[in-house]
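Asks: Sharing a structure below in C-alpha cells format, with a few things to ask.
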Amino acid sequence: MMEEDMENGRPYQERPRTFSTVRSKSSMPLVFRLLMRINPRALIILFLLVVSGVLYVGASTSPIVVFVFCVCTLSLFFSLYLTKWVLAKDEGPPEMSEISDAIRDGAEGFFRTQYGTISKMAFILAFVILGIYLFRTTTPQQEASGLGRATSAYITVASFLLGALCSGIAGFVGMWVSVRANVRVSSAARRSAREALQIAVRAGGFSAIVVVCMAVFGVAILYSTFYVWLGVDSPGSMKVTDLPLLLVGYGFGASFVALFAQLGGGIYTKAADVGADLVGKVEQGIPEDDPRNPAVIADLVGDNVGDCAARGADLFESIAAEIISAMILGGTMAQRCKIEGKSLLFAIQYFYPSGFILFPLVVHSFDLVVSSVGILSIRGTRDSGLISPIEDPMAIMQKGYSVTIMLAVLTFGVSTRWLLYTEQAPSAWLNFALCGLVGIITAYAFVWISKYYTDYKHEPVRLLALSSSTGHGTNIIAGVSLGMESTALPVLVISVAIISAYWLGQTSGLVDESGNPTGGLFGTAVATMGMLSTAGYVLTMDMFGPIADNAGGIVEMSQQPESVREITDVLDAVGNTTKATTKGFAIGSAALASFLLFSAYMDEVASFAQLPFKEVDIAVPEIFVGGLLGSMLIFLFSAWACSAVGRTAQEVVNEVRRQFIERPGIMDYKEKPDYGRCVAIVASASLREMIRPGALAIISPMAVGVIFRILGHYTGQPLLGAKVVASMLMFATVSGILMALFLNTAGGAWDNAKKYIETGALGGKGSESHKAAVTGDTVGDPFKDTAGPSLHVLIKMLATITLVMAPIFL
C-alpha cells in the first residue's frame, strides 16, 4: 500500500490512528473521572447542594460576595457554551484527526507526569510551612482574636494547597481546550480564514474565562469560609481588615505551581522547537512542521504544554496575587483611616471596610462580563480564502480589545462609586476611578508597545529581518540590541503609572488619625486592578497563539493545499504577536503587583517584630549585599533556564540526526520517523531540568533571610534578616522586569523576522537570509518561551514567599 502511495505522490496515507510510543492513558484528573461515573440526576443534586452551600457562606459574609459568586457561576455557564460551540465544529479529514490525536496523547501524558512531580514537591513544601508556623511567634492581632499557632498554621497550609490545586486545574483547562481546538481550526481554514479565527478565539476565550473565574472564585470562597469559621468581626474575634493576610498562602501555592509549570513546559516546547528547526530547516532544508521531521510531534505537543497549560497557570497566579495584595492594602488602609459605617447602592447594603477589601473581586467579576462581550464581538463571515488586508486578524482582535476596554472603563467607574465611597472623603472614589483609568491606559500602552516591537508590519522587526541578509552574526546583534531598546518605553510607562496612581491616591482625602494622607499605596493597587480589568480578553489573545500554531502544524503534516497553509501562516504570525503582547502585559502587571506585595511584606514584618519598618537603607553593607544577591538570582535563574533548553535540545538534535542517517527513506517518504522517541526525550529531560532553577528560586530568599537573621542576632540588629530579604526582593523585582522585557521582546522579534522572510521577503524560504533568521529564532526560543515567562512568575513568587516565610527572618 505504501509503495502504491509513493507512486501516486501521497505520502503516509496509511498512518496509524495514533503513534504507539506516544499514546498513554487518559490524564483526566481522578476527581473528574469519578464524577463522570455518578448518575446524572445525583450529579445535579450534588451540584445544587454545593451551590446552595457556597451561596449560604457568601450570604453570611457579605452581599458583595453573593454578587461575585453569581457572576462567576454565570461565567462558567458561558464557558460551557463556548466549549459546546467549539467542539461542535468538524475535525476535518481522517489524516488531520490522526495528527491531532497524537498531539493530544503526548500533551496529556506529559501533563500528568509533570503535575504529578509538582504535586509531590508541593506537599513537601506544605509540611515545611506547617512546621515553621507551628513554632513561630504570633502577632498581637492574632493573640487578640484568639487565633493560635496551630490554627494559623493549618489555615496557611490549606490556603497554599488550594492555591496549588487551582493553579494546576487552570493549567489543565488551558491544555484541554487547545488540544481539541487545534484540529477544528485546521479544518475551518479549508473553508474560511474568518471562521478559523473565530474558532481559535472562542477556544482561547473558554480557557481565559475559566482561569479568571477560578482565581476569583477561589479567593472569594477562601475569604468567605474563613470569615464564617473564625467568626470575623464578632466580639473577641479577628477584625475583617486583618482577614486578607490569611490568604497569602493561596497566592504562594499558585505561584509555586505556575513557576514549575512554566519552567517544565517552556523547556519542553523550546527544546523540541530548537531541535526540529536546526536539523529540519537548516540542515535538511525541509519546511516547518514537515511530517518527515522526527521532532515535529514533540514540537506541536510543546505548544500545548508550554504556551497553553503554563500560561493558564501563569495568568491565574497573576490575578490571584494582585487580588490578595490589593485586599491586604485595602484592609490596612480602612483600618488606619478608621473607615466605618454602611451604605446602600443598587439595593445592596454593605459595610465600608468590606467595600475596600472586596473591591478587587468585584473588578474581576466585571472583567468576566466585559471580556465575554469582547469575545462574542468577533464573529464569523461567509467569506472564504486568505484574509485580506482589510480583514487582518490582528485588527479584528484589536477591535474586540477596544470594545472590552471601553466597557471596562464604565464598569470600573461603577465599581469605585459602589464600593469605595465613604462619607469621610466623599470624592475619594473619583480619585480611585482615575487610578483605575491609569491602569487601563497602562495595559493598552503595554499591548501597543509589545506589538510595535514584535509585529513585522512595523519597522523594528523589518530592520531585524534586513540584518539577516548579511549573515547570522548581524541578525543576532540586531536582535539583542532590539531587545535592549524595547525595555525603555515599558519602564517609562510603569514609572508614570506608579507615580500617577500613588499621587491620585494620596490626594483622595483619606487620612489616618494623625491627619496624614494614606491612600497612596491603595491608589497603586487600584491601578493594578485597572490594568488587569481586561485580563480575560488579553488571555484569550494569548491562548489564540498556540492554537493557531498547532493548526498550522496539522495543516502542514496532513499535506493540505498551499492556500490552506497560507491562512494558518497568517494566523500563526498574528499569534506570535499576541503571545508577545500578553507577555508584556504580564510583566507590567507583575511589576505593579510586586510593588504592592513588597509594601505588604514590610507591614507584616513590623507587625511580627513590633518595631517600625518603613524603609530599606541600601547604604548599609549587608542590605546592599542583599540587593546584589537579588539581581544575581535573576541572571542565574535565567542562565539555568536557557541552559536547560540547550542541553535538552542537544539530545533532540542528536536523535533527529540519527534517524535521518539510519532511516534515509524518511526524506523520500518511504520510511516513517519515530516521533515517539523525540517526545520521550524532551518529556523526561524537561522534568529533570526544571528542578534546579525552581529550587534556586524557592530556597534562595529563605537561605538569605535565615543567614542574615543569625548575623543580626549576634550584631544586635533584630530586623537585619528581614531588611536584607526586602533589599533582595526589591533588586530582584527591578532586574527581573528589565530582563523579562528584554528576553520576551527579543525572542518575539526574532520569531516574526523569520515569519516575515517566509512571506517571500529578502529571498523567502530556503534563502541565506532565511537560514540566518532561523538561527536568530532558535536563539530567541528559550528567551521568549522559557526564561522570560518564568521571570514573570519568579518576581511574584519571591514576593509571596517572603510574605509567607516572614516569621523565619525575625
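The values are calculated or read from the model by the stated rules, or taken from the named source; none is laboratory data. Nothing here was measured: the structure is a model prediction, and the numbers come from that model. In this analysis, Cβ positions are derived from the backbone assuming ideal geometry, glycine residues included, and neighbour counts consider all displayed protein chains. Accessible surface areas use protein heavy atoms only, side chains included; no ligands, DNA or RNA. Shrake-Rupley method; radii C 1.70, N 1.55, O 1.52, S 1.80 Å.
Asks: Relative to the longest principal axis of the C-alpha atoms of the chain, give the angle of the C-alpha long axis of helix 788-804, reported between 0 and 90° and rounded to the nearest 10°.
Replies: Relative to the chain, helix 788-804 is tipped by roughly 20 degrees.
Asks: Compute the distance from the alpha-carbon center of segment 538-587 to that of segment 157-195, in whole Å.
Replies: 14
Asks: Ok, one more. Roughly speaking, what is the stretch gain from GLU615 to GLU562, that is 0.36 nm per residue apart minus the C-alpha to C-alpha distance, in nm to one decimal?
Replies: So the chain would gain 12.9 nm between GLU615 and GLU562.
Asks: Tally Lys and Arg at +1 and Asp and Glu at -1 over the other residues with C-beta under 11 Å from the C-beta of THR454: what net charge comes out?
Replies: Around THR454, the surrounding residues sum to +4.
Asks: Taking 25 Å as R0, compute the FRET efficiency from the Cβ-Cβ separation of ILE699 and ALA150 and round it to 0.05.
Replies: About 0.45, to the nearest 0.05.
Asks: Normalised by the residues of the chain, what does the relative contact order come to in percent, with Cα pairs under 8 Å and at least six apart?
Replies: 19
Asks: Between rounded, prolate and oblate, where does segment 450-521 land on the alpha carbon gyration tensor, with a ≥ b ≥ c its root eigenvalues, rounded for a/c under 1.5, else prolate if a/b exceeds b/c?
Replies: prolate
Asks: With no solvent and one equal point scatterer per Cα, compute the Debye intensity ratio I(q)/I(0) for segment 570-720 at 0.12, 0.15, 0.17, 0.19 Å⁻¹ and report its log10, rounded to two decimals.
Replies: After summing over all Cα pairs, the log10 values are -0.80, -1.02, -1.17, -1.28.
Asks: Need one number: nm distance between label points at GLU513 and LEU46, each 7 Å from Cα along Cα→Cβ, rounded to one decimal.
Replies: That separation, rounded to one decimal, is 5.2 nm.
Asks: Report, to the nearest whole %, how much of the accessible area of segment 233-337 belongs to carbon and sulfur atoms, 1.4 Å probe, protein only.
Replies: The nonpolar share, carbon plus sulfur, comes to 51 percent.
Asks: If you add up the charges near ILE319, with Lys and Arg at +1 and Asp and Glu at -1, over every other residue whose beta carbon is less than 12 angstrom from its beta carbon, what do you get?
Replies: -3
Asks: Taking all protein chains as present, what is the carbon and sulfur share of the accessible area of segment 683-793, in % to the nearest whole number, probe 1.4 Å?
Replies: Carbon with sulfur: 67 percent of the solvent-accessible area.
Asks: Moving on. Can you give the FRET efficiency to the nearest 0.05 for THR73 and SER237, using r as the Cβ-Cβ distance and R₀ = 41 Å?
Replies: Once the sixth-power term is evaluated, E becomes 0.90.
Asks: Separate question: May I ask for the distance between the Cα centers of segment 209-257 and segment 425-503, given as a whole number of Å?
Replies: Cα centroid of segment 209-257 versus Cα centroid of segment 425-503: 34 Å apart.
Asks: Also: Once you have a ≥ b ≥ c as the square roots of the Cα gyration tensor eigenvalues for segment 45-182, tell me rounded if a/c is under 1.5, and otherwise prolate or oblate according to whether a/b is larger than b/c.
Replies: Since a/c reaches 1.5 but b/c is at least a/b, the shape of segment 45-182 is classed as oblate.
Asks: Taking θ as phi - 60°, what are the ³J(HN,Hα) couplings along segment 238-247 by the Karplus curve (6.51, -1.76, 1.60), each to the nearest whole Hz, with x for Gly and Pro?
Replies: 5, 7, 4, 6, 8, 4, x, 4, 6, 8
Asks: For segment 560-702, calculate the relative contact order in percent as a whole number, restricting contacts to Cα pairs under 8 Å that are 6 or more residues apart.
Replies: 19
Asks: What share of all Cα pairs of segment 386-495, in percent, falls into each consecutive 5 Å distance bin?
Replies: 2, 10, 14, 14, 13, 13, 11, 8, 6, 4, 3, 2, 1, 0
Asks: For segment 166-173, in order, what is each residue's ³J(HN,Hα) by Karplus, 6.51 cos²θ - 1.76 cosθ + 1.60 with θ = phi - 60°, in whole Hz (x at glycine and Pro)?
Replies: Working through the residues one at a time gives 5, 5, x, 5, 4, x, 4, 4 Hz.
Asks: Additional query: How much area per residue is accessible in segment 597-738 when the probe is 1.4 Å and only protein heavy atoms are counted (Å²)?
Replies: 43
Asks: What is segment 153-230's relative contact order, in percent, from Cα pairs under 8 angstrom and six or more apart in sequence?
Replies: 35
Asks: Short version: ³J(HN,Hα) in whole Hz for each residue of segment 329-335, in order, from phi by Karplus 6.51 cos²θ - 1.76 cosθ + 1.60 (θ = phi - 60°), x for Gly and Pro, what are they?
Replies: 5, x, x, 4, 5, 4, 5
Asks: Can you pull the one-decimal nm distance between simple spin-label points at THR474 and ALA395, each 7 Å off the Cα toward Cβ?
Replies: About 3.3 nm separates the two model spin labels.
Asks: Right, here's the next one. Over 21 Å between C-alpha atoms is what I'm after, so list which of LYS583/LYS796; LYS270/LYS583; LYS670/LYS765; LYS120/LYS583; LYS670/LYS754; LYS614/LYS723 land there.
Replies: Listed pairs above 21 Å: LYS670/LYS765; LYS120/LYS583; LYS670/LYS754.
Asks: How many angstrom lie between the C-alpha centres of segment 289-318 and segment 599-665?
Replies: 22
Asks: Quick one: length gained pulling LEU636 to PHE123 fully straight, 0.36 nm per residue minus the C-alpha distance?
Replies: Between LEU636 and PHE123, full extension yields an extra 182.0 nm.
Asks: Let me ask something else about it. Calculate the spin-label point distance for VAL625 paired with GLU651, positioning each point 7 Å from the Cα along the beta-carbon direction, and give it in nanometres.
Replies: So the two model labels end up 3.8 nm from each other.
Asks: A further question on this structure: Full-extension gain between LEU87 and VAL414, please, as 0.36 nm times their residue separation minus the C-alpha to C-alpha distance.
Replies: The span from LEU87 to VAL414 would gain 114.1 nm if fully extended.
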